[in-house]
Amino acid sequence: MPLSPTTSARLDHILATGQQKHRLPSVAAGLVRGGELVWSGAIGTVDGRADGKAVDADTQFRMGSITKTFVAVAVMRLRDAGRLELSDHFGAHVPGSPLDDVTIEQLLSHAGGVQAESSSDWWERTPGGDWDALVASGVGPRFRSGRRFHYSNTGYAALGRLLEVVQGRPWFEVVRDELLEPLGMTRTTLRPNGAAAQGLAVHPFADVLLAEPEHDAGAMAPAGQLWSTVDDLARWAALLGGHTSGVLSAETLAEMVEPHHVVDEPGQPWLGAHGLGWQVWNDAGARSAGHGGSMPGFLAMQRVHLNADGGDGPAGEVGDGVVLFTNTTASAALKSLPKELLRALRELEAPAVTPWVAGGSADVLELAGQWHWGPTVETARFVGEHLVLGSPGAGRGSRFRRVGDGADEWVGLDGYYTGEPLRVLRRGDGSVSHLDLATFRFTRTPYDPQADVPGGVDEQGWS
């Protein structure tokens, strides 16, 4: 659904103001809703000069560490295909390095304790060697694996090598064949190809520019080398928003954006975490996921809403997302500009509302209504296909989904009861006696003596 001219004009103004305020040689951005690119804008030129070629949604920029998300999805596809387990040690697949004992899951979530950068020259500005050369340079752990979050570019070099060994071909070929081509991302490449921005540094005290080098980082390339466009990266944002086009299951995507390790900044509240390849943010209850990118000459951001509300954060429609590129080495623009664009989309273009229609089954009425866990009162209701007990997000409230085709086996989806079983117990005549939720008994009246309450019910009853 196209945006109104008023909204598009406001978004264009936000982007232009950000380009001027932050002195960006160029900036290109796009907004995604419902799996589609609904707006894109671009300001500036490929080389930062007034007479240079203007950038647009098809101009390539280096995406930096957003590259890691492609590597992570390719690894998770191997897991889903049964070719490896997240608990596998890296050395079980790629032996002979100091990272042998780190698990694949720890590498994906930056919890392996692996050093942040390579041990040789500044890899982001110098050509790199192969995996053997990287290992020979002395890469290794800084902390005990599993102890804490420690962002590691070297860890993603290892994951790129894992893809090569398991798949038997270069990591980028795996990404291209299994992800880029199925999603129609024809302008995402390992090196610049066609219309591309020049990587630039902007002097901090004068309006002058310095060209940054472009190169092949070799074994370190999986940490941040890919180039892409607004049009292409919008397709990747759509995947993160749930429009996976068959390249990843919804269950695996949900697993990847779960907070696995908190990003702990001393003296600061915990606002961010890392999942399996994806960064996760929590702004006053508004959850979003994505990744930032930084390489000499370039900055990038991809951010997608995971929930629809949440206080003062940039909440909006689930799946609303922003992608943004700029060709400058350092800028505060990424801290504010993507959020401003998302906020404007939320405020100016309310998402379409799907009308409620009756579509439930009357056979669930035997489970709906009040239940008692001991003396406490909980209400069971049905929302779509889910049984909802209590209020998810508060206390032990949770949603449950059916297991199989029957009506008596359910599994928790939220909070304390995630993954825990809920069973419907029936009397001899088939009527519902009580619910057994992870051994806790829920009865229609408090401590119903007919419901086989563990420990029994005092014969004196209530008095």
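No value in this document is a laboratory result; all are computed from the given coordinates. Nothing here was measured: the structure is a model prediction, and the numbers come from that model. Reconstructed Cβ throughout: ideal geometry from the backbone, glycine too, with neighbour counts over all protein chains shown.
Here are the numbers:
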| quantity | calculated |
| --- | --- |
| Highest average packing first - 286-292, 329-335, Cβ atoms within 10 Å | 286-292, 329-335 |
| Partners for residue 335 among lysines (Cα-Cα distance below 19 Å; same-chain residues under 8 apart left out) | 21 |
| Positive-end residue of 103, 286, 75, charge dipole of the chain with Cβ unit charges | 286 |
| Cα→Cβ-extended label distance, 7 Å offset, between residue 453 and residue 381, nm | 2.7 |
| Between the range 58-88 and the range 398-463, the Cα center-to-center distance that results, in Å | 41 |
| Theoretical ellipticity at 222 nm over the chain - DSSP helices of four or more residues, -39500 (n - 2.57) apiece, nearest 500 | -6000 deg cm²/dmol |
| Relative contact order for the chain, counting Cα pairs under 8 Å that sit 6 or more residues apart, in percent | 16 |
| Peptide ranges 111-121, 297-307 listed from the most packed, as the mean C-beta count within 10 angstrom indicates | 297-307, 111-121 |
| Dipole of the range 157-237, positive end: most advanced residue of 190, 166, 233 [Cβ charges, Cα centre] | 166 |
| Span from the the range 351-393 Cα centroid across to the the range 221-299 one, whole angstrom | 32 |
| Shape category assigned to the range 362-451 from the gyration tensor of Cα positions, a/c cut at 1.5 | oblate |
| Rounded to whole Hz, the Karplus (6.51, -1.76, 1.60) HN-Hα couplings of the range 139-147, x for glycine and proline | 5, x, x, 9, 9, 4, 4, x, 5 |
| Relative contact order (percent, whole number), the range 362-451, Cα cutoff 8 Å, 6+ residue spacing | 23 |
| Separation of alpha-carbon centers, the range 101-144 and the range 148-177, rounded to whole Å | 11 |
| Packing rank of 227-235, 213-221, 246-254, where each peptide gets the mean count of other beta carbons within 10 Å, highest leading | 227-235, 213-221, 246-254 |
